[in-house]
Amino acid sequence: MKKNPPPAIPYRYRPVQFYLLVFLFTWLFWVAAARTKESALAMGLMFLGLLVPPAVAVVFVLTSRSGALRRDFKRKLAGFARLKLWTLPVAAAGFGLIVAVSILLSVPFGGSLAQFAFAEGFSFSIRGSSALLTILLASVIEELGWRGYGEDAIASRCNWFCESLWFGGIWALWHLPLFCIPGTYHAGLAALGTGYVLNFLISVLPLGFLTTWVYVKNGRSMLASILFHLFVNFFQEKIAMTPETKCIETAVIAVAAAVVVLTNRDLFFEQRHVGDLLGELGPKGQAVPRS
């Protein structure tokens with residue numbers, strides 16, 4: 001009598017282990033950077049902390065013994081077939097509109113229309129480093145970690161709405177040591193007052209929904225997320241918004257996120273991917289043939 005093969009089991013993500021390692025090593029490097037007075041050493045420690053999320057993601061992928069996970073990582077990074085190119089200019093224009101509305105809303109509270117101008121420089125320089133280079137590196141490196149493994153690890157167990165909430169909170173907390181490192185944008189906010197620190201942490205939550213939309217709409221593409229992250233970081237730095245206007249901007253981002261969720265309810269609330277994000281199982285629970 002022929003025995004039926006055992007049921008296929010899809011790869012099981014390990015979100016708790018992933019984020020514990022990311023926080024442990026990132027914070028170790030960044031706390032050390034905050035305590036050192038040597039500029040070159042501080043910059044090196046900052047960079048090592050930034051490298052932790054992608055490094056942990058790559059280790060988890062390579063040691064997973066899952067061909068599906070490794071193929072998925074490569075596709076998300078270099079695959080262009082699933083990209084919906086129209087979403088990128090829409091997302092960019094949408095964020096530009098958020099900035100414009102925020103500046104206009106600030107005018108009745110004493111804000112100036114001069115905020116529409118490009119800033120002459122950047123608001124920070126980490127121990128003499130190039131702020132532009134820091135922005136570019138941060139956008140690319142972070143996305144390799146978050147979208148390479150971290151966000152999917154949460155989404156494998158819940159819908160994308162809940163994932164966005166969880167990840168937004170985690171992402172905000174991950175930044176905390178940066179408020180103690182002299183020269184960072186975050187340290188500049190801390191110098192202005194606790195309210196500005198809280199505004200930054202809160203703003204990360206609705207921004208996470210916009211990033212999720214770009215990511216999932218483009219077939220879970222890291223490339224799409226990198227491009228959007230680059231645009232947001234650059235726009236936040238080069239448009240001469242005041243810290244007070246950025247507090248208004250947080251509310252505008254929240255409204256924009258609500259609109260995106262309400263107009264993309266299936267994307268954010270579907271449960272079809274839960275437990276099988278990589279699509280390893282067919283409709284009857286059998287393993288999907290791989291070419």
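The values are calculated or read from the model by the stated rules, or taken from the named source; none is laboratory data. The structure displayed is predicted, hence computed values, not measured ones. Here the Cβ is made from the backbone with ideal geometry for all residues, glycine too, and neighbour counts use every protein chain on show.
Laid out as a table, the results:
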| quantity | calculated |
| --- | --- |
| Some residue of segment 130-139 being on the phi < 0 side of the Ramachandran plot, outside any helix (DSSP H, G or I) and at pLDDT below 95 | yes |
| Pairs where the first residue, in segment 141-161, is under 20 Å from residue 79 (Cβ atoms) and outside any helix (DSSP H, G or I) and the second is of a type in the set (Phe, Trp, Tyr) and at pLDDT 95 or above, C-beta under 7 Å, 6+ apart | 156/13 |
| Any hit, segment 142-158, residues being aliphatic (A, V, I, L, M), at pLDDT below 95 and either surrounded by 22 or more Cβ atoms within 10 Å (Cβ to Cβ) or under 28 Å from residue 48 (Cβ atoms) (or both) | yes |
| Qualifying residue in segment 111-120 (condition: over 22 Å from the mean Cα position of the chain (by Cα), crowded, with 19+ Cβ neighbours inside 10 Å, modelled with pLDDT of 90 or more and at negative phi) | yes |
| Search result, residues across segment 49-82 that are surrounded by 16 or more Cβ atoms within 10 Å (Cβ to Cβ) and under 18 Å from the mean Cα position of the chain (by Cα) | 49, 50, 51, 52, 53, 54, 55, 56, 57, 73, 76 |
| Residues (buried (at least 18 other Cβ atoms within 10 Å of the Cβ) and either hydrophobic (A, V, I, L, M, F, W, C) or not in a helix (DSSP H, G or I) (or both)) located in segment 173-182 | 174, 178, 179, 181 |
| Selection within segment 88-103 - surrounded by fewer than 18 Cβ atoms within 10 Å (Cβ to Cβ), touching a residue at least 40 places away in the same chain (Cβ under 8 Å) and more than 16 Å from residue 253 (Cβ to Cβ) | none |
| For residue 11: the one exception among (1) within 20 Å of residue 185 (Cα to Cα); (2) at pLDDT 85 or above | (1) |
| Residue match in segment 40-59 (condition: closer than 23 Å to residue 272 by Cα, touching a helix residue (DSSP H, G or I) at 6+ places or on another chain (Cβ under 7 Å) and not aliphatic (A, V, I, L, M)) | no |
| Filtered residues of segment 228-252 (kept if farther than 17 Å from residue 215 by Cα and aliphatic (A, V, I, L, M)) | 239, 240, 241, 248, 251, 252 |
